[in-house]
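The values are calculated or read from the model by the stated rules, or taken from the named source; none is laboratory data. If you're wondering where the values come from, they're calculated on a predicted model, not measured in any experiment. Please note: Cβ atoms are built from the backbone with ideal geometry, for glycine as well, and neighbour counts cover all protein chains shown.
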Amino acid sequence: MKTLEPKKVTRRSRRKWRTIRLYSYAALILSVVAACLLFSVYLYIKILGPPALAIPQSTLYYANDGAIIGESNSGQKRYWVHLDEISPNVKDAVVAIEDRTFYSHFGFDIKRIGGAILANAKQMDKVQGASTITQQYARNLFLTMDKTWKRKLSEAFYALRLEVNYDKDEILEGYLNTINFGHGAYGIEAASQFYFGKSAKDLSLAEGAMLSGIPKGPSSFSPLHSYEKAKNRQLLILDAMVDTGAISQRQADIAGKEELNFTGEHPHHRAESAPYFFDAVQKELVTTVGLDERMVSLGGLKVFTTLDERQQKIAEEIVKETISDQSELQIGFTAMDPKTGFITAMVGGRDYDESPFNRATQAVRQPGSTVKPLLYYAALEHGFTPSTLLASEPTTFKLDGNAEYTPHNFNNEYANREITMAQALAVSDNIYAVKTHLFLGQDVLVDTMKRFGISTNINQVPSLALGTSGIKVTELVNAYSILANGGRKVEPTLIQRVEDQDGKIIYEANSNDEQILNPQHAFVMSQMMTGMFDTKLNGYATVTGASISSQMRRLYAGKSGSTQSDSWMAGFTPGLAAAVWTGYDQGEDLTLTEDKVVAKNVWIRFMEQAIEGQMEQLHEFKPPSGVEVLPIDPETGKIATEFCPVFRLTYFKKGTEPTEVCTDHLPIAPN
C-alpha cells in the first residue's frame, strides 16, 4: 500500500504541471503574438513615417523694414510659432487642464479612459472625455468631428503615428498651433494677437490661463462672448496649475485678480495701403516664384517684399492731394531703388475698391518723349555728343516705298537753325529726335529699348522716337534706373525672399551686377537729362521742366512726355527713381490744362518728400572715371568763353569733348 500512494500523487502532479505548462505555453504564444502584432504596428507606423502636417496657415507679407503689411488666408487666422516662442505660462496651463500625464503616456491615458467610461455609464450620457493632447492634435490635423467608431479608430491610429514619429514638445507645439480659440483665431499666436494684441511669447500667467480655457468651447468660453464663464474657467485652470506644481497658490491668487484688457481685433488684414502692390506681389508668387495659388494663400509663407511704407504713404497722399475728387483722371505710379531694382512704392489707380486694374504694371500706354533718353543714349554710342548739332525746322522725311512722314514740334515751334542734342532733349524737340532715329537706323532704338528691359512689343516705325509704341510704367522706371546706377542691369523686383513656415528660404531675388551700358555714356546721358530743369538751355522753347523747377531743392535727371491722351513724368537721382503716368482709362484726349500738369506735380512732390531726411550722398551724381566736364555755350555747343552770355557745365566721354571755342559772342573790334 505504501508503494502505491506516491505513484497516485505523481500522476496528479504531472497532470497539474501539464495543465500549467499548457497555459504557460498558451500565454507565451499569446504574448509573442501580441508582441509581434505590436511590433508589426510599430514597424508599419515607422515605415509610413511621420504624417504629413499639411496645416493651412496664413501667409504674411512684410515691408522692407520687417513690418507686416498684410496677409492672405481662408478667413481663419493661423500663424505657426515654435514652442520656445510661446510663453511657458500657456504650456503649463494647457498641460494642467487638458492632459496632466502628457509627458508620460504613449498617446492614450488608460486611467482617464476608464474613469470616463464609468462616469458616462453612470450618467447614461457623454459627460466626461478622455482625449489626450496627442489625440486632440490628431483630430485637429486629419479628421472630422463626427462621433463614429471609424473616426475614433482613425484618431487612435494617427495619435500613435504622432507619438512614434515626433517627440512630446513637437506634439505640444503642433497642438498649440492648431486649436480653435474662436473668432477665426486658430493657434496660440493668432489668439494672443486677437485677444491681447501681443505675441504669444509675451503672455502673462493670467492671460495664458484665460486663453487656455477657450478651446473647450470657443463660443462659450470666449471672454468677449461671456466674461463670467471665461473667468470661472480661468480660475479653474489656475487651481489646476497649483495642483500640478507649475505655480504657487500665491501666484494663482495674484493672476486671478489681474485685470485683463482685451483687444478683440485681428492685426493683419488686406493691405489698407498699397493694395495694388499687394496684388502684384501675389501674382509674382505664382508667375515668378512658381507657387500654386493655394500655397500662396494658405501655405504659412513669410513673403518679404521691397515695399517702403514711408514712400508708399507719401505717394498715396500726394496722389489724393493732387488729383481732384471730381476728376476721372487715372494714374499709374512706381518708385524704385536704382541700385537693386526693388520697387519701393506703387499706386495702380485712384481707388482699388472701385477698380483693381493696376495701371503701373498692366496698362500699356504710349510713353511720348520719355523714350528720348533711350534714343539719345544709343546716339552717344554711335558717335553723337551733347554738342552734336542738327537742324530744328519743319521737315518731311522720305521713307521706303515713297512713303512720307512729317512730325511736328509742340505748338509747331521750331528753332529754324541747328541746335545741340543737349538742348533738343531739354526742350523736347521732335525733329531732332526723328532725324537721330532715322540716321541710326530704326532697329537701333528697338534693340536699345530691349536692352533697357522693355519687353512690351515694340513697333519699329519712324514715330517710335516720339514714343508711339506703348510700354508700362514699371518698364520705364526700370529703364531710367539703369541710367541712374551707371548702366548695371536691374529688373523690377517686388519680392526679396520667401520663407516657408519653418523659416527655410524657398525663393530669393537674384542680385545682378551685369554691366549692360557704357558707364561713361550712362553718366553723360543722366547729366543731359538734368537739362530739362535748367533754364540756361531755353531756346526757341522753354525747357520742359521749368514749371516744377522752383519746387526742386536738389539736382534731378528727368524727362516728361505727352501724347493726346497720355501724360508722363519720370526721373531719378542715383538713390531713387520714379515714373508717373496719368490719363483716362478709355483713352480720351487730355484737354484740361490742370490734367496735363498732374504727372509732373506728383513726381516732383514725391521725390522731394521721399528724399527728405536722407543722406545727401545717396542722391549725388558722381562722375565715373573717363568723363570730362567743360563750360559749354548752349546755343553753339562749343567751349564757352567769358564773352558768352551763359554757359552750362556739360559732361562728355573723354575723347569726345569739343575742342572748338565759341566765337559767336566775341566783341566786335572797332574800325
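Taking only the range 596-614 into account, find how many residues are surrounded by fewer than 19 Cβ atoms within 10 Å (Cβ to Cβ) and touching a strand residue (DSSP E or B) at 6+ places or on another chain (Cβ under 7 Å). Break it down stepwise before answering.
If we filter the range 596-614 for residues that are surrounded by fewer than 19 Cβ atoms within 10 Å (Cβ to Cβ), which is where we start, we get 596-597, 608-609, 612-614.
Next cut, touching a strand residue (DSSP E or B) at 6+ places or on another chain (Cβ under 7 Å) only: 596.
Of the residues in that region, 1 qualify.
When the range 242-260 is examined, which residues are found to be over 22 Å from Gly182 (Cβ atoms), part of a helix (DSSP H, G or I) and hydrophobic (A, V, I, L, M, F, W, C)?
Matches in the range 242-260: Val242, Ala252, Ile254.
When you look at Thr370, is it more than 41 Å from the chain's Cα centre (by Cα) and of a type in the set (S, T, N, Q), yes or no?
Values: more than 41 Å from the chain's Cα centre (by Cα): no; of a type in the set (S, T, N, Q): yes.
Judged against the criteria, Thr370 is not a match.
Can you confirm whether Glu316 is modelled with pLDDT of 95 or more, assigned to a helix (DSSP H, G or I), in contact with a strand residue (DSSP E or B) (Cβ under 8 Å, 6 or more places away or on another chain) and surrounded by fewer than 23 Cβ atoms within 10 Å (Cβ to Cβ)?
yes
Listed residues Glu588, Glu594; which is assigned to a helix (DSSP H, G or I), of a type in the set (Asp, Glu) and not assigned by TED's automatic domain parsing to the domain that holds Leu666?
Glu594
Select from the range 581-616 the residues that are small (Gly, Ala, Ser) and under 20 Å from Gln564 (Cβ atoms) and write down the one among them that is modelled with the lowest pLDDT.
By that ranking, first place goes to Gly587.
So Phe342 passes all but one of these: (1) within 18 Å of Trp568 (Cα to Cα); (2) in contact (Cβ under 8 Å) with a residue 40 or more places away in the chain; (3) under 23 Å from the mean Cα position of the chain (by Cα). Which condition number does it fail?
Every condition holds for Phe342 apart from (1).
Across the range 180-199, which residue is surrounded by the most Cβ atoms within 10 Å (Cβ to Cβ) among those that are in a helix (DSSP H, G or I) and among the polar types (S, T, N, Q)?
Ser192
Mind listing just one residue for me: the one in the range 489-541 that is hydroxyl-bearing (Ser, Thr, Tyr), closer than 15 Å to Met421 by Cα and surrounded by fewer than 23 Cβ atoms within 10 Å (Cβ to Cβ) and, of those, modelled with the highest pLDDT?
Among those that are hydroxyl-bearing (Ser, Thr, Tyr), closer than 15 Å to Met421 by Cα and surrounded by fewer than 23 Cβ atoms within 10 Å (Cβ to Cβ), it is Thr530.
This table checks each residue for (1) hydrophobic (A, V, I, L, M, F, W, C); (2) outside the structural domain of Thr474 (by TED's automatic domain parsing).
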position: Glu321; (1), (2): no, yes
position: Val347; (1), (2): yes, no
position: Ser392; (1), (2): no, no
position: Ala403; (1), (2): yes, no
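Okay, residues lined up against (1) out of contact with any Ser or Thr (no Cβ under 9 Å at 6 or more places or on another chain); (2) under 29 Å from Ala546 (Cβ atoms); (3) of a type in the set (Ser, Thr, Tyr); (4) surrounded by fewer than 20 Cβ atoms within 10 Å (Cβ to Cβ):
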site	(1), (2), (3), (4)
Leu399	yes, no, no, yes
Tyr405	no, no, yes, yes
Asn416	no, yes, no, yes
Asp429	no, yes, no, no
Ala433	no, yes, no, no
Thr436	no, yes, yes, no
Val444	yes, no, no, yes
Arg451	yes, no, no, yes
Thr456	no, no, yes, yes
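Can you say whether Leu224 is part of a loop (DSSP other than H, G, I, E, B), assigned by TED's automatic domain parsing to the domain that holds Tyr186, among the hydrophobic types (A, V, I, L, M, F, W, C) and modelled with pLDDT under 95, as far as the supplied structure shows?
Taking the combined requirement at face value, the residue satisfies it.
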